[in-house]
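All remarks here apply to the structure that follows.
Nothing in this text is a laboratory measurement; each read-out follows from the coordinates by a stated rule. Values in this document were obtained by computation on a predicted structure and should not be read as measured data. Cβ coordinates were reconstructed from backbone atoms using ideal geometry, including for glycine residues, and neighbour counts include every protein chain displayed.
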Amino acid sequence: MPWRAMPLAPVAIAFAAGVGLAPWARPDVAWTTWLAALASTGALLLTGRTAGATALLLVGVAAVGALHGIETPLPPGHVARLDLPRTAHVDGRLVAEPVWWAPDRVRLLIEVERVDGLERSGRIQATVYGVAPPLVLGQRITAELRLHPAIGFRNPGTFDYAEHLKREDIRVTATARADRLTPVDHPAPPWPERIKRASVAAISQALPRASAALLAGLLLGERTALPPELDEGFRRAGVYHVLAVSGFNVVLLAAAVLALCRLARVGRRVSAVAAIVVVVGFAAVVGPEPSVLRAVVMAVLVLAALLLEREASVTNSLALAALAILAIRPGDLLDPGFQLSFAATAGIVA
Amino acid sequence: MTLYSRHQLIVLLVLLSAAGFGLAVGHWRRAHPDVVERLEQFDRTPPPAGSLAPPARFPASPERGHPRATPRSARQTSRAARIDLNRADVAELTQLPGIGPVLATRIVQAREADGPFATVDDLHHVGGVSRRTIERLRRLVTVTR
């Protein structure tokens, strides 16, 4: 295999291996490995032995991956350290767009500021029952919540919901009644959310209800309005993935922008810049799922190669995407979405 | 067969050192939250009047790779955590820079004797609290009725 054409692939593999080994790694061992790898790589480089230097460098990368993946102890004021379950008065800010399962059921992600008047940190995923006031990302709320530790009931070897929540840095879940929740301020929704809402509104104006919900799912991954029987139908047919936003959407979008620019006789570099802007904007609108992040990083790299008139290596882009995602969210390594997305793409391009 | 050229290896080595150093800073910050809090308060207290030196700045984003603990959220919580001069007890007041147990007791006594403070500047009437201390406290305290 022409490894020289994809210099980032070994680094990404070493880093992922380090993150994967993190549960068994000890910080002192990892720090020592890192320092030793740095020193010996430097020494071997000075004596001109690049093969040995490469191997040791990759060991150092794995050590950094392990250090990055090691779970850090919760800070003293973390909500998960409270005595749970309990009912508490929570002040906080919404850090994700609320998910409306039904008009009288909404799920919130709250970044905690205070619990019962005392300063606390951490995130709570809360489900609110009853007709809640309109809520938006970034809003401050105050609510009386019933707090529980996040637990998943599961069969061994199957999907573990508690682990999934932990990867999202959620260790406490909660339930609340809508009349016990009060918004404190009323900020304007951020621009990606405004674009998303406007698009969904435009789609539902132009199409009948079920078709509109389907199109919103296909284009924006917005599945909340999908009728249950349609949802179930897609699951049973085994084609539920077409309702998820994936690399396919990103490629279609980038190709459409490039084609439009060509029709308008815009230069190659300007079209590449336009496509990069649109693709990054799309990622902001649909949200940071691993498959979207992967596709966007790869698309930006390929477009940047077009911009700089360089040859783009798809495998190298894939490696950089993996590095970037694991650097931001090391827990994603164990996320099935991450694994499937990267394994499938590697299978296609390698 | 060598995977990387010498130059590539040097670049990767520099990146690896930077990544490890960033992680070390992150670990240190989590291990010493009290020191971090003090350092972050440092640049928010106004410089003493007449000083021409710019306020001390600490690296804005030493937490590379730890997006959850952004300096912005830390700043918001510390703003929310202003100490209320009319409610705080001696222990809380001594957390303020320049306020020891003696001054804290005096502040509480003054509050009990003359009623609640109307503004932060009323601290001037408490014996031992200088103008300079008041300027330093201004952003850290509030007064409620």
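What to note about this one:
- The residue list A:16, A:288, A:245 was ranked by how far each Cα lies along the charge dipole of chain A toward its positive end, using unit charges on Cβ atoms, and A:245 comes out on top.
- Anisotropy class of segment A:229-281 from Cα gyration tensor, a/c 1.5 cut: prolate
- Projected label points at residue A:268 and residue A:201, each 7 Å from Cα along the beta carbon direction, are separated by 4.2 nanometres.
- The residues packed around residue A:191, meaning those with a beta-carbon under 14 Å from its beta-carbon, carry a net charge of +1 if Lys and Arg are +1 and Asp and Glu are -1.
- Over all other residues within a Cβ to Cβ distance under 12 Å of residue A:129, the charged ones net out to +3, with Lys and Arg as +1 and Asp and Glu as -1.
- Anisotropy class of segment B:83-142 from Cα gyration tensor, a/c 1.5 cut: rounded
- Net charge over other residues, Cβ less than 13 angstrom from the Cβ of residue A:204 (K, R count +1; D, E count -1): +2
- Distance between the 7 Å Cα→Cβ label points at residue A:239 and residue B:109: 8.3 nm.
- Anisotropy class of segment A:3-69 from Cα gyration tensor, a/c 1.5 cut: oblate
- Shape analysis of segment A:191-240 based on the Cα gyration tensor places the equivalent ellipsoid semi-axes at 21, 12, 7 Å, largest first.
- Cα-Cα separations in segment A:170-265 greater than 19 Å, expressed as whole percent: 63
- Extent along principal axes [Cα atoms of the protein assembly as shown; Å; largest to smallest]: 82, 71, 56
- Neighbour counts of C-beta atoms inside 10 Å place A:334, A:263 in the sequence A:263, A:334, starting with the fewest.
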